[in-house]
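Single-structure report; data block below.
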Amino acid sequence: MMRSTAGRAGLAQRARIVLLAAEGESNTRIADRTGLSRPTVIDWRKRYERSGLQGLEDEPRSGRPRHIDHAKIVAETLKPPPKKLGVTHWSSRLMASRLGIGNATVARAWRDYGVQPWRAETFKFSTDPELVAKVTDVVGLYLAPPENAIVLCVDEKSQIQALDRTQKMLPMQPGFPERRTHDYVRHGTSTLFAALEVATGNITAACKPRHRHQEFLAFLKQVARAYPDDGSGTELHLVMDNYAAHKRVEVRDWLAANPRIQVHFTPTSGSWLNLVEVWFGIIERQAIHRGTFGSVRDLNTKIRAFIDGWNDRCHPFVWTKTADEILKKANRQTTSETAH
């Protein structure tokens with residue numbers, strides 16, 4: 001009880017009193033070590049002697065018993081608000097006015113049951129009929145790549161905006177973070193094509209104005225040149241998502257003419273399996289999100305500078321989850337406990 005991180009702090013403190021007493025500490029010494037008064041220590045020791053562990057629990061509070069059923073408040077909260085209110089979810093004050101009680105009472109009921117109407121999360125179930133096969137294929141490629149093969153994760157980060165703030169940014173100072181204006185000027189967009197080598201973390205990339213199949217095919221040819229066939233039979237295994245440009249006839253024909261390049265598609269709505277998405281998050285946080293760019297050329301220059309610096313310090317990307325663990329977690333959550 002004393003070491004529990006999930007229990008109440010008061011209960012842990014009372015358990016500590018009992019343990020210190022068992023070690024032979026005096027009441028005065030226990031009071032000094034726990035920060036309590038000596039009468040309080042004596043009282044908790046007496047309650048433990050009289051009732052054991054149950055004596056350390058809180059006794060029922062004085063006053064009249066609760067007459068408002070929290071379960072009913074929560075049941076009403078789970079119902080959608082009436083259309084005449086024009087709201088998407090309940091607030092504590094709206095619910096209080098509907099039930100004729102105080103909003104603090106509603107808030108306590110929500111807190112007791114862990115109900116948070118103001119929160120909303122996203123989810124996505126893959127409807128790909130080949131979900132199991134594709135997950136097993138891609139994850140197997142990460143965990144046990146074929147011999148004499150290079151695994152590359154390929155994708156594009158489209159519509160990267162070249163944003164410039166309306167005023168100069170104020171640099172970070174002691175006591176003040178970096179500051180910028182909330183408004184900005186758009187100077188166009190760019191698309192970043194990238195291929196991540198899983199074993200090393202090295203990036204092969206290109207910035208292009210659009211993200212059609214023509215640009216994607218040109219990038220695939222760039223990747224092939226970056227990893228030329230040296231006669232040893234090295235294969236390139238590309239992990240890609242199901243974007244339409246990746247499956248155009250021109251792309252398929254080029255891949256068929258280059259059999260050493262093999263493609264592994266992630267499941268529909270499963271592009272998170274592509275490790276290059278992790279790297280896209282890194283470049284977004286470290287180079288793009290807080291950057292200011294006066295033109296698309298400035299944006300592309302910044303992206304290329306980041307990639308050059310990244311390749312100097314790159315590291316392998318290690319996948320840890322097995323296909324079985326992923327598929328077990330990806331199963332739809334049940335919404336009912338009924339047996340029918």
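Bear in mind that the values in this text are calculations on the coordinates, not laboratory data. Everything numeric here is computed off the predicted structure, so don't read it as measured data. All Cβ positions, even for glycine, are placed from backbone atoms using ideal geometry, and neighbour counts span all protein chains on display.
Over all distinct alpha-carbon pairs, what is the Kirkwood Rh of the chain in angstrom? It would help to have the intermediate numbers written out before the result.
Working: mean 1/r = 0.0374 Å⁻¹.
When all Cα pairs of the chain are included, the Kirkwood radius is 26.7 Å.
Which ³J(HN,Hα) values, rounded to whole Hz and listed in residue order, are derived for segment 19-30 from phi using the Karplus coefficients 6.51, -1.76 and 1.60 in 6.51 cos²θ - 1.76 cosθ + 1.60 with θ = phi - 60°, glycine and proline given as x?
For segment 19-30, the Karplus-derived couplings read 5, 5, 5, 5, 7, x, 6, 6, 4, 5, 5, 4 Hz, x marking Gly and Pro.
Which residue, Val132, Gly233, Gly114, has the largest displacement toward the positive end of the dipole of the chain when charges sit on each Cβ (Lys, Arg +1; Asp, Glu -1)?
Checking the options against the dipole of the chain, the answer is Gly114.
Using Cα positions and a limit of under 23 Å, work out the lysines in reach of Lys168, with same-chain residues fewer than 8 apart set aside.
Lys168 reaches Lys302.
Give me the three principal axis extents of segment 170-296 from the C-alpha atoms, as integers in angstrom, largest value leading.
58, 29, 29
Pop out the ³J(HN,Hα) list for segment 101-114 in order, Karplus 6.51 cos²θ - 1.76 cosθ + 1.60 with θ = phi - 60°, rounded to Hz; leave Gly and Pro as x.
10, x, 5, 5, 5, 4, 4, 5, 5, 4, 5, 4, 9, x
Taking the alpha carbon gyration tensor of segment 9-56, what are the square roots of 5 times its eigenvalues, largest first, to the nearest whole Å?
Details: eigenvalues 46, 24, 19 Å².
Semi-axes from the Cα gyration tensor: 15, 11, 10 Å.
So who's got an amide H within less than 5 Å of the one on Phe293, skipping anything under 5 residues away but keeping other chains? H placed 1.01 Å off N, in plane.
Leu163, Asp164, Arg165
For a footprinting-style exposure proxy, rank His67, His213, His315 by other Cβ within 10 Å, fewest first. Walk me through the numbers before you get to the answer.
Values: His67 5, His213 16, His315 9.
Result, fewest neighbours first: His67, His315, His213.
Rounded to the nearest 0.05, what FRET efficiency is calculated for Arg64 and Arg3 with R0 set to 25 Å and r the Cβ-Cβ distance? List each step's numbers first, then the result.
Details: r = 37 Å, r/R0 = 1.48.
Efficiency for this residue pair is about 0.10.
Using modelled amide H (1.01 Å from N, peptide plane; none on Pro or chain starts), what sits under 5 Å from the amide H of Val263, excluding residues fewer than 5 places away?
Answer set, sorted by chain and number: Leu238.
In what sequence, highest mean first, do 75-84, 292-301, 13-22, 143-152 appear when ranked by Cβ atoms within 10 angstrom? Could the numbers behind the result be given before it?
Details: 75-84: 11.7, 292-301: 16.9, 13-22: 18.6, 143-152: 14.4.
The most tightly packed comes first, giving 13-22, 292-301, 143-152, 75-84.
Defining a contact as two alpha carbons under 8 Å apart and six or more residues distant in sequence, what relative contact order in percent does segment 110-267 show?
On the way: 211 pairs, mean separation 39.6, N = 158.
Computed over segment 110-267, the figure is 25 percent.
Helix 131-143 sits at what angle to the longest principal axis of the chain, using alpha carbons and giving 0 to 90 degrees rounded to 10?
Result, in degrees: 80.
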